[in-house]
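Trainee: One structure, as structure tokens, below. Some questions next.
Quick note: the coordinates plus some simple rules give every number you see, no bench work behind them. Nothing here was measured: the structure is a model prediction, and the numbers come from that model. Positions of Cβ are generated from backbone atoms using ideal geometry, with glycine treated the same way; all protein chains shown enter the neighbour counts.
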Ligand SMILES: Cc1cc2nc3c(=O)[nH]c(=O)nc-3n(C[C@H](O)[C@H](O)[C@H](O)COP(=O)(O)OP(=O)(O)OC[C@H]3O[C@@H](n4cnc5c(N)ncnc54)[C@H](O)[C@@H]3O)c2cc1C
């Protein structure tokens, strides 16, 4: 296995959490947890790789209680597997990360992977508990198994997005949603940038409440997904602002969003996530001199394909910018998160308290900033 | 407390009126709304701005004095209680709404702003702040952030954590930091998310950027009355199983109904009912009527003998007043009570309520149940008489037994009130030593010296019961406090 040009001298595939803990107790070198390997390019360049720990054999859904709207799964379970289990009861997890249904739930949490479907947030908002094993082999948990809980510190928030640099996630408890009464997607293509900017501004300040609202460029397409009571979906479709809308439903709708996902994969050569405000997305797209982009209109976030690290540096003067995808070469020159000094200091202390010797994914996160 | 320190605090706060050290005046600050545990701080200082908070923290560090942030003092787990004495940093005067960005639906507020005041201030723009603890007319947004407060509508809209986008905070080092961003997007690790719900032990939050939501087009509120607890619980399960996402789904039992109906919070709950479900749905006008009808149908199928849909906003407000005043109304039926907070998987409701009933009979102490049924968040209220020593002796044991039942079915110790001082000795029921050790290490990242809000959340040698010598849980006192809360008279 090769990550960031480094070859793992050993790849281990523990079949149980106990085995994983035992492996870690014995391991003295650098360790990289991996799942479905869809996001290995994310983060600052890895500095050393003695041992890769593939968690895909931790692949059991340990409990699913439809009546409680909770599901508990080991880290190696893929999103697709979770979706299939939930589908049987017309339930789902409102997430459609770019790396697709083949990604493991542990990997999605570790990289805070996201997509277009964001009715009420990202994966962090659906996690209710987590089990981890720390680099020294000690197992611990945070949160619990119920949908509402304030017992103890919520360390799952820290593990989410830490790219496996604090601890290895072994099991996640999630709350899930009942299926929408109906979903439908409205798509339109605008003649130019200005009219698209105008349309999305109308949508975001109007009465519609799409669960996805994407402005895709340079084609200037606007994609709206609605999920609600069938009549509320109808009402929203009837009240779309004036444009030539095409309505997608059923398989056509699913295929449509799959094509948006593959559109994301084609962004580049450097993909950045620029964090602004809903009212500023048109400015962000313009400022980033984006070649192609997907903007989360309701959230004020733009995923922008830019040409060079110069663009990243320039954007960072005015915005918080995360590098979503870039070549190893580029990632060597510009940090993934662009942390502010105070955050940097706190995260570094966090890293040190979990992994004092810096053996878990060295260089990947704050220690590579 | 040394006069030198009082002087320095006065200097920082700018006036003697911002510093309280008179023994009688300090009594107000010896507890929060969990009146069972008390300990007086040595001094209370009202901070006017972030800089003052930072300076007070630095002063406390220099002299190694423990300090505790405090908002409105409505907490129910003893979080704002100064276990080791020391300084209480009162944030109530930092109560300005700094900005409202209507277009981007966010607001920036100081920590002392009262929860409800935010929704009132942004109402003209058709917006509101979703988390609505029953104490919302008094509790501070800073206290909400610290406790990750919930409320009836968190069933659909999520807890405080889902609505906090960014904060400015004073770390225990005295350093002022900004975490998060107005888009609410995590960059790196979610430090902000870990501060929310840390019960005021990681940092003192001095400015908060919150998400505002557009008011739903329409709301429907209904109550359904049942002759049996099981029928009511089954209704809760069936509503969820039907794929409906209610805005709120509350359970009110017969004892609570009697108390509420005899009090100023009289809501018109059916007096003959063994249990009542208070259900609200909101969203687009289209489809809402059908959803409400579907719920009515589910209630009837489960033998509801009366189902009433609120005709107008007044009736709706009244139904909610009864629910929100429930804790305060208990004085009508009992001289003392212990408010509990625990969570169970909602499918276990009938089983757990039956077990609580058996425990109640065994101890000979009644339990009233009024709670957020939709997310399985129980609030058993143990009713007793503090003049009877035999009863007082048993309430803790009984409370512990109830918690064990909840944890035993896969539940947790607290859904919204926090662990604070109240439940720290019970943490071992849900967390192993290793779990807690990891949490304590994370606390040390933020709060290495441990002076910020010490002795909370985790078991310690000094238990809370040893501290509060003259304890009382009089429903009259709680009633007064709740009344003050609901009137927003803090
Ligand atoms: C009648 C009644 C009903 C209630 N209903 C609910 C309910 O429905 N849902 C619910 O969740 N809670 C409820 N509560 C509990 C309580 O109102 C909440 O916990 C609330 O969030 C506390 O806010 P406060 O301003 O009163 O905080 P306080 O009690 O003053 O403090 C609570 C904790 O927060 C810390 N703190 C306060 N301000 C800050 C700050 N700026 N920075 C860092 N830490 C800080 C304190 O140190 C303490 O640990 C209820 C209480 C009562 C009395």
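Trainee: Can you sort A:160, B:50 by how many other beta carbons sit within 10 Å, fewest first?
Mentor: Working: A:160 25, B:50 19.
Ranking A:160, B:50 by Cβ neighbours within 10 Å, fewest first, gives B:50, A:160.
Trainee: Please give the contour-minus-distance gain from residue B:123 to residue B:103: 0.36 nm per residue of separation, less the Cα-Cα distance, rounded to one decimal in nm.
Mentor: Values: separation 20, 0.36 × 20 = 7.20 nm, distance 1.38 nm.
Length gained, residue B:123 through residue B:103: 5.8 nm.
Trainee: Additional query: Semi-axes of the equivalent ellipsoid for region B:3-90, please: Cα gyration tensor eigenvalues, times 5, square-rooted, ordered largest first, whole Å.
Mentor: Details: eigenvalues 87, 32, 29 Å².
So the three semi-axes of region B:3-90 are 21, 13, 12 Å.
Trainee: Also: Can you tell me what percent of all Cα-Cα pairs in region B:334-422 are more than 18 Å apart?
Mentor: Numbers: 1506 of 3916 pairs.
Roughly 38 percent, rounded to a whole number.
Trainee: Also: Treat the protein assembly as shown as a sphere of radius equal to its Kirkwood radius over Cα pairs and apply Stokes-Einstein at 4 °C in a medium of 1.567 mPa s; give the translational diffusion coefficient in µm²/s, rounded to a whole number.
Mentor: Details: Rh = 27.7 Å.
Answer, rounded: 47 µm²/s.
Trainee: Could you work out the mean count of beta carbons from other protein chains within 10 Å of each residue's beta carbon in A:74-84? The partial results should precede the final answer.
Mentor: Numbers: counts 0, 0, 0, 0, 0, 0, 0, 0, 0, 0, 0.
Counting other chains' Cβ atoms within 10 Å and averaging over A:74-84 gives 0.
Trainee: Share of Cα-Cα pairs in region B:217-333 beyond 18 Å, in percent? Working shown, then result.
Mentor: Numbers: 3169 of 6786 pairs.
Distances greater than 18 Å cover 47 percent of the Cα pairs.
Trainee: What distance in nm lies between label points placed 7 Å from Cα along the C-beta direction at residue A:247 and residue B:16?
Mentor: Here the modelled spin labels are 7.4 nm apart.
Trainee: Still on this model: Could you work out the mean projected area of the convex hull around the alpha carbons of region B:146-192, in square nanometres to one decimal?
Mentor: Details: hull surface 16.0 nm².
Projected area, direction-averaged: 4.0 nm².
Trainee: Peptide B:433-446: average number of partner chain Cβ atoms within 10 Å per residue?
Mentor: Working: counts 1, 5, 9, 3, 2, 14, 6, 1, 6, 10, 2, 2, 10, 4.
Mean shielding by partner chains, rounded to a whole number: 5.
Trainee: Going by average Cβ neighbours within 10 Å, how do the peptides B:161-169, B:430-438, A:59-67 rank, with the highest at the top? Don't skip to the end; give the middle numbers.
Mentor: Working: B:161-169: 22.6, B:430-438: 18.1, A:59-67: 15.4.
So the order, starting with the most tightly packed, is B:161-169, B:430-438, A:59-67.
Trainee: Could you tell me the relative contact order of region B:3-90? Use alpha-carbon pairs under 8 Å, at least six residues apart, and round to a whole percent.
Mentor: Values: 152 pairs, mean separation 30.2, N = 88.
The value is 34 percent.
Trainee: Could I ask something else about it? Just round it to a whole percent: the fraction of Cα-Cα distances in region A:169-209 exceeding 14 Å.
Mentor: Values: 567 of 820 pairs.
Within region A:169-209, distances greater than 14 Å cover 69 percent of Cα pairs.
Trainee: Using Cα pairs closer than 8 Å and at least 6 residues apart in sequence, work out the relative contact order for region B:334-422, in percent.
Mentor: Values: 136 pairs, mean separation 36.5, N = 89.
Relative contact order of region B:334-422: 41 percent.
Trainee: In addition: Name the residue, out of A:171, A:134, A:87, whose mean-square fluctuation peaks in a Gaussian network model built on chain A with Cα pairs under 10 Å.
Mentor: Fluctuation is largest for A:87.
Trainee: Within region B:287-308, name every residue whose backbone N is under 20 Å away from a label modeled 7 Å from Cα of residue B:315 along the Cβ vector.
Mentor: B:287-301, B:304-308
Trainee: Helix B:50-63 sits at what angle to the longest principal axis of chain B, using alpha carbons and giving 0 to 90 degrees rounded to 10?
Mentor: 60 degrees
Trainee: Over all distinct Cα pairs, what is the inverse of the mean 1/r for region A:278-334, reported as the Kirkwood hydrodynamic radius in Å?
Mentor: Numbers: mean 1/r = 0.0858 Å⁻¹.
After inverting the mean inverse Cα-Cα distance, the result is 11.6 Å.
Trainee: Between the helical axis of B:389-408 and the dominant principal axis of chain B, each derived from Cα atoms, what acute angle in degrees is found, rounded to the nearest 10?
Mentor: Roughly 80 degrees, rounded to the nearest 10.
Trainee: Further question: Which of A:46, A:155, A:95 ends up with the largest GNM mean-square fluctuation for chain A, with Cα atoms connected below 10 Å?
Mentor: The residue that fluctuates most here is A:155.
Trainee: Per-residue ellipticity at 222 nm for the protein assembly as shown, helices alone: DSSP H runs ≥ 4 residues times -39500 (n - 2.57), over residue total, nearest 500 deg cm²/dmol? Working shown, then result.
Mentor: Details: 28 runs with 274 residues, N = 859.
After summing the helix terms and dividing by the residues of the protein assembly as shown, the value is -9500 deg cm²/dmol.
Trainee: So if I take the centroid of the Cα atoms in region A:115-192 and the same for region A:252-296, what is the distance between those two points in Å?
Mentor: 22 Å
Trainee: Need the full-extension length gain, residue B:305 to residue B:390, defined as separation in residues times 0.36 nm minus the C-alpha distance. One decimal, nm.
Mentor: Numbers: separation 85, 0.36 × 85 = 30.60 nm, distance 3.97 nm.
This chain segment gains 26.6 nm when fully extended.
Trainee: Between region A:9-77 and region B:401-435, how many Å separate their Cα centres?
Mentor: 29 Å
Trainee: May I ask you to order B:183-194, B:251-262 by the average number of other C-beta atoms within 10 Å around their residues, highest value first? Mind dumping the intermediate values first?
Mentor: Values: B:183-194: 24.8, B:251-262: 22.6.
Ranking the peptides B:183-194, B:251-262 by packing returns B:183-194, B:251-262.
Trainee: Here is a further query. So for each of B:280-292, B:95-107 I average, over its residues, the number of other beta carbons within 10 Å; can you give me the resulting order with the highest mean first?
Mentor: B:280-292, B:95-107
Trainee: Can you tell me the orientation of helix B:313-324 relative to chain B, as the angle in degrees between its alpha-carbon axis and the longest Cα principal axis, to the nearest 10?
Mentor: Rounded to the nearest ten degrees, it is 60.
Trainee: Quick check: convex hull of the Cα atoms in region A:256-369, volume per residue, rounded to a whole Å³?
Mentor: On the way: hull volume 14.4 nm³, N = 114.
That works out to 126 Å³ per residue.
Trainee: Tell me the volume per residue, in Å³, of the convex hull enclosing the alpha carbons of chain A.
Mentor: On the way: hull volume 48.6 nm³, N = 369.
Each residue corresponds to 132 Å³ of Cα convex hull volume.
Trainee: Something else about it: Just subtract the alpha-carbon distance of residue A:41 and residue A:314 from 0.36 nm times their residue separation and send over the number in nm, one decimal.
Mentor: Values: separation 273, 0.36 × 273 = 98.28 nm, distance 2.26 nm.
Full extension from residue A:41 to residue A:314 adds 96.0 nm.
Trainee: Further, regarding this structure: For region B:97-214, how big is Rg over Rh, using alpha carbon atoms and the Kirkwood form of Rh?
Mentor: Numbers: Rg = 13.1 Å, Rh = 14.0 Å.
Result for region B:97-214 is an Rg/Rh of 0.94.
Trainee: Over the alpha-carbon set of chain B, divide Rg by the Kirkwood Rh and report the Rg/Rh ratio to two decimals. The partial results should precede the final answer.
Mentor: Numbers: Rg = 22.2 Å, Rh = 23.1 Å.
With Rh from the inverse mean 1/r over Cα pairs, Rg/Rh is 0.96.
Trainee: What's the average, rounded to a whole number, of partner chain beta-carbon atoms within 10 Å of each residue's beta-carbon in B:141-147? Let's see the in-between values first.
Mentor: Details: counts 0, 0, 0, 0, 0, 0, 1.
That works out to 0 on average.
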